[in-house]
Every structure is written in C-alpha cells, then in structure tokens.
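Please read through the structure below; I'll follow up with questions.
The values are calculated or read from the model by the stated rules, or taken from the named source; none is laboratory data. Everything numeric in this text was worked out from a predicted model, so none of it was measured. Cβ: placed from backbone, ideal geometry, glycine included. Neighbour counts: every protein chain shown.
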Amino acid sequence: MQLEKFRIMNVIETNNLVKTYNPDTIPVHAINDVSINIEEGEFTAIVGPSGSGKSTLLNMIGGLDNPSSGKVVIDGIDIKNLNQPQLTDFRMHNIGFVFQSYNLIPVMTAKENVEFIMLLQKRSKEERDSRSAELMEKMGIAETSKRRPAQLSGGQQQRVAVARALASKPKFILADEPTANLDSQSTSALLDIMAKMNEEENVTFVFSTHDQRVIDKAKRVITIVDGKVQSDETR
Amino acid sequence: MILSLSWKNIWRTRHRSLVVIGAIIIGVWSLIFMMGFYNSFINAFARNSINNEYSHIQIHNPEYLIEPDLATEIQNETAIRNMLVRSVSVEAVSSRRKVNAMIASTKTSLGVQVFGIDPDDESKTTNLESHLVEGSYFLNIKRNPILVSVKTAEKLKLKLKSKVVITFQDYDGNITAASCRVSGIFHSKAPRINERVVYMKKVDINRLVGHDGVNEVAILLNDVESIPEVINQLEPHAKDTVRSYKEVAPELNLMENSSRITKIIVTAIIMLALVFGIINTMLMAVLERTKEIGMLRSVGMHRKSIFTMIMLETILMGFIGGPMGLGFGYLTILILGKVGLDLSSFSEALDDFGIDTILYPSVETSTYPVLMFVVLFTALLGAIYPAIKAVRLNPLDAIRKI
C-alpha cells in the first residue's frame, strides 16, 4: 500500500543515472550517478553552468537519449523497457515538451499548433476545440489563434508552445531553457502563467535553466555540477 | 492530418515547390511532345510505305516468295478479285506482273524490277499517277510505254520519250529484250520504288514474256483495322499466301517495335532526371526542417507518419504538375496534329527515308493515364531517399539545436 502510494506520488525517478560520451576513447561523464525523484505537482528547476549536464539529464528523462547505465522511471514505467514506437507513444501521452526556440510548426496557425499533439492522439474535434480554446484563454493568447508563428512575438510563441505541451494532458512538462530567448517582460508573463497552471491544475513542471528569474519562481532547485547533483533545495 | 500538413508544407517555400512542379510539367510536356513527334515519323513512314508501296495486304504464290520467278503466278486471281470487289473494306486492288530485268539506255544500264500493271488499278492503289513529275501516265507513246523514276532517269540520263531496252527472261526461261520509250518520270514517296522499280502496262509485259498472268496482288483497305477481317475473308478463296504489310515489310514491324522501346528509354531518361531533381529538392526541404522533424518525433509523431508526410508532399506536387504537363502536352499535340509541323528545311533528308516534310504529331489516348501513373511513380521514387533521411533523424536534434 505504501509502495503504491509512493509510485503514484513520484512522476519521475532516476536511479544511479550515468551518461558517458566516448566510453572507449576519452570518456566524458555528462551525467554521473544522478538519482532524483520528482513528485506530481512539483515546480522544479534544474540549474547549473553550461556543460554541467542539465540538458543531458532532461533528454534522458524525456526518453530522447539513452543512459549509459541506471534507469529512468516515469509514472512507474522503466522507459528502457519500451521499444522505439512504444517510446514515441509514451512521449506523446505522458510528456509535454517546451523548447528554447519554441519549435512551432510554421505552416500552422497558433490554434492548429496547440491542437497538434491532440490530433496525434486522435482526440475528437469537439475535445480539441474546447481544450485549445481553454488553454489559449488561460495563456492569454486567445486572440492570436488564427495567426501563424511568424506573426507572433517571441513571448506569444512560447505561450503557444506551453499550451501545445499542456494540451495533451501529459504527466509532466519538460522545458529546456524556456525563457532563454525572451525579454524580461515576456519571461515574467510566461513564468506567471506556468506558476498559475502549476498551482491551479497541479501540472508538474521541470525546467533546465540558468535564468535567475526562473530559479526564483521554482519551488525546488536541483543544482547539477560536472554531471552530479550538488544540491537539492526545496522551498 | 498528415495530408493537410503535407499540403501546407508544399507552400512553405513556394518558389522551390514551384520549381519542382515546373520540372514535372516540362518533363511530362516534353515527353508527350517527343512521343507525338516520334509517332509522326513512324506514322508517316508507315503510311507512305502502305499507300505507295506495300498496300495493306499482298498475295503471292508461296513458291514465288522462295524464288521470285515470273512463272510462279497467282493461281486464282479472278476468284480473288471477284471476292475483293464485293468487300466494303477494300479500297483498291492492283494485280502486278513482276519481272527482274536489266534496263539500258545509250549511256549505261542497271538492274530493275519491272512492275507490269493495270494503270487505273495501280493509280488507285499506290497513287502512282499523282507521283508523275514529268510526262504522261502511259499516254502519247503507242508501243511499250514505260515509267521511270527521277533517280533512274538521272542514272541512265533519260528524258521523256528516250528509248530504253529492257532485257529479261521470258516465261520459258529464254533471254529476251524489248524496246520501250519513257512515257513519264515519277517520284514516289517510297524510296525503294524510286531506287529500282519501273512501270509498264501489264498487257505489254505479259505479251513480251509470252504468258498472261500476275505474280502479286496488292490490296489497299479503307482502314488498317480491317486487315484481319479481309485476310479471313480471303483465305478460303486464295490458294496462295496472304500476308499483311507487317509480314511483307518486317522493317515496318521492327520500326514500330523499336519506336516502342525508344519511347520507353526516353521516358526512363526524362523521369530519371526528374527523380534526381525531386531527390535534390526534397532532401533540401528535409534538411532545412531537421529541427522541426526532430520536434515532431519528440512530441510523439511516429516514423511512419514522418515518412508518409514527406512522400505525400512529393506525390501532391506530382498531382499538380502531372495533369498540368499532360494538359499542355495534349493541347500541343492537338494543335500540331491539325496544323502540322513543317520540316521543309530537312526535306531532302526526309525524302530519302520516305517521310513527308509536314508531320502531324499524335499520341494515343491510352498513353496519358499511363504517363500520369509514371509521373506519380517517379515522384514516389524521388521521395523515398529524402523520406528515409527524415525518419532517420534523431529527435534529440530538436533539443540540441535550440
């Protein structure tokens, strides 16, 4: 009973995670024995200097990169046991991605971008319409629904990207340096929205960042240096 | 969803897609034009060979085909002619006495084949009278009038009313000679006729060889499609060998077959060039979208969907360019098929091959759907490598490239 509760609570678990590049020549340990647990509803920032391994850690948590050893368990599932198509489906249903440079589909409108993953999930039109309208409203970008990414500001594009990540109702959102390309006003607006989603809808966010404004907003800050967890501070 | 995304992707770099679509249009158009042009050569050659030389059907004594001796005659010519006169498919019939001979002028001599003909029948069958460039059609000369070609006249230095002597074996195998006068000089559209045939009246040559008979019956039909039907009608009546022009002149059959092979080869070459054009453009499109494709894979788009998306982009461009190329090609052939393509500046060379100087390109209707299929197949072929490249992209690239 205790174990079951523990598993429900921990959305992300990494156990003795290691990622070594060039293992046969000059080994570089990008991640070296990292074990962290992230619970549902957390607003976590993974911080560290450039090259510390925070992006590598995020890639492995997102199932985009394979660890050299150790394991990543998402919602009780060891993702190492999934084959390529299963892993693709798993990402689609469980993980929301927010990229530093937004990565919206330029030929689609903001609304179509938000609905894109729901389309992959084969959700009904009614569901897509209501979910995208609701999210765009909450993100403050309802009026941009028919515009294409090129017609949006950086801040608006990133909000569309967050709405897209949230639309599929994932277990958590992985955001790699989400504010790196934004000005301070847009950063502040985006952080407020994400914090609100975290508080009101209990959405789990995991950021990699070295932006102090993001760090200040985070409820938990995990500092990675040279591939190792240097500190893990909950506020 | 994938179809819609592919359609939108085509128009993302409009100019590049238009280049591919333009290449497809030009490729298909040039293919149709080339086919039409080539068909016009083959058709003109076949038409001239049939209308001026072979006709649609010929009848010979089977032994004549082995050893062309004037003594091996058609066995029941009258019954055959009676049957042919009743057939609605038959346009004209010419019975010929064919004699190998030497023709000599005061200057020189050469080997020829004398066609002993009924002037009216031959004119209806091979338009011989209309080929006269000088003189008359067996008129104005009372005894043994003869028609020679322009080439023969030049070689023997003959003019109208010049005297020539023809020497040949008669029906009994004796060498005999006769004096003739040039009644007319012709220029046929069939090079072989110009090269080695002279015409005399059948009654004259039969008198000279000492036997009344014919060695060949040539039948011109209203329509080439009627050949099997008329051959079937003839077979119970004819004791001789009945052959279509394709059997009489295997070079025509060979030409038709080789034209088919040539068209396939040219189609393959043009489509191959198109494939490489498509590969180049689509590869550029894929590499430009590395980050986006990586993002699509990251958020849960399967490899087969990415593959389908790239394939669809190319197929859709084929669906735009293909029908447009076919349409322009069809219009070009339609117009040129009516007004003709004037190649007068090459008239001498064309004449040597028995081809008209105004050509009328034509393409069989059945070719168009086949070409559409070929275009789509080409588009698919050209899209495979870029699509494979796209599915092999690592989704991690999306994050690494941020």
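Within the stretch A:65-116, count every residue that is facing chain B (nearest Cβ under 10 Å) and touching a Gly at 6+ places or on another chain (Cβ under 6 Å).
Matching residues across the stretch A:65-116 total 5.
Specify the residue that is surrounded by the most Cβ atoms within 10 Å (Cβ to Cβ); the eligible residues are those in the stretch A:164-188 that are away from chain B (no Cβ under 13 Å) and part of a helix (DSSP H, G or I).
Step by step, filter the stretch A:164-188, then rank; the result is A:THR187.
Something else: If the requirement is being within 14 Å of chain A (Cβ to nearest Cβ) and of a type in the set (Ser, Thr, Tyr), which of these qualifies: B:THR378, B:THR308?
B:THR308
Please work out if A:VAL221 is assigned to a strand (DSSP E or B), in contact with a Leu (Cβ under 7 Å, 6 or more places away or on another chain), of a type in the set (A, V, I, L, M) and buried (at least 16 other Cβ atoms within 10 Å of the Cβ).
In short, no.
Just for the stretch B:292-304: of the residues that are over 12 Å from B:LEU393 (Cα atoms) and buried (at least 18 other Cβ atoms within 10 Å of the Cβ), which one is nearest to the other protein chains (Cβ to nearest Cβ)?
The extreme case among them is B:GLY300.
Please indicate, with yes or no, whether at least one residue in the stretch B:251-268 is touching a strand residue (DSSP E or B) at 6+ places or on another chain (Cβ under 9 Å) and in a helix (DSSP H, G or I).
No.
Yes/no per residue for (1) modelled with pLDDT of 80 or more; (2) over 18 Å from the mean Cα position of the chain (by Cα); (3) part of a helix (DSSP H, G or I); (4) within 30 Å of B:ALA190 (Cβ to Cβ):
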| site | (1), (2), (3), (4) |
| --- | --- |
| B:LEU336 | yes, no, yes, yes |
| B:ILE355 | no, no, no, yes |
| B:GLU364 | yes, no, no, yes |
| B:TYR368 | yes, yes, yes, no |
| B:LEU371 | yes, yes, yes, no |
| B:GLY382 | yes, yes, yes, no |
| B:ILE388 | yes, yes, yes, no |
| B:ILE399 | no, yes, yes, no |
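Which pairs turn up if I take residues in the stretch B:116-134 that are among the basic types (Lys, Arg) and look for partners that are part of a helix (DSSP H, G or I) with beta carbon separation below 9 Å, at least 6 apart in sequence or on another chain?
Within 9 Å, no pair qualifies.
Next up: Please enumerate the residues belonging to the stretch B:18-40 that are touching a Gly at 6+ places or on another chain (Cβ under 7 Å), of a type in the set (Val, Ile, Thr), surrounded by fewer than 23 Cβ atoms within 10 Å (Cβ to Cβ) and farther than 16 Å from B:THR332 by Cα.
Across the stretch B:18-40, the qualifying residue is only B:ILE21.
Identify the residue in the stretch A:196-219 that is closer than 21 Å to A:GLY48 by Cα and among the hydrophobic types (A, V, I, L, M, F, W, C) and, among all such residues, is modelled with the lowest pLDDT.
A:VAL214
What pairs come up if the first residue lies in the stretch B:184-211 and is at positive phi and in the same structural domain as B:LYS155 (by TED's automatic domain parsing), the second is surrounded by fewer than 20 Cβ atoms within 10 Å (Cβ to Cβ) and charged (D, E, K, R), and their beta carbons are under 9 Å apart, counting only those six or more places apart or on different chains?
Short answer, once both residue conditions are applied: B:GLY210/B:ASP170; B:GLY210/B:ASP172.
Okay, residues lined up against (1) in contact with a Ser or Thr (Cβ under 9 Å, 6 or more places away or on another chain); (2) in a helix (DSSP H, G or I):
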| position | (1), (2) |
| --- | --- |
| B:GLN75 | no, no |
| B:LEU84 | no, yes |
| B:ALA92 | yes, no |
| B:ILE103 | yes, no |
| B:GLN113 | no, no |
| B:GLU122 | yes, yes |
| B:LYS142 | no, no |
| B:ILE166 | yes, no |
| B:ASP172 | no, no |
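Let me ask something else about it. When you scan the stretch B:9-17, do you find a residue that is among the charged types (D, E, K, R), surrounded by fewer than 15 Cβ atoms within 10 Å (Cβ to Cβ) and within 14 Å of chain A (Cβ to nearest Cβ), even just one?
Scanning the stretch B:9-17 turns up at least one residue that is among the charged types (D, E, K, R), surrounded by fewer than 15 Cβ atoms within 10 Å (Cβ to Cβ) and within 14 Å of chain A (Cβ to nearest Cβ).
It is to be established whether one or more residues within the stretch B:72-91 are over 20 Å from B:VAL242 (Cβ atoms) and out of contact with any helix residue (DSSP H, G or I) (no Cβ under 9 Å at 6 or more places or on another chain).
No, because not a single residue in the stretch B:72-91 is over 20 Å from B:VAL242 (Cβ atoms) and out of contact with any helix residue (DSSP H, G or I) (no Cβ under 9 Å at 6 or more places or on another chain).
Right, here's the next one. If you check B:PHE328 against the conditions, is it within 14 Å of chain A (Cβ to nearest Cβ) and among the aromatic types (Phe, Trp, Tyr)?
So B:PHE328 does not fit the description; no.
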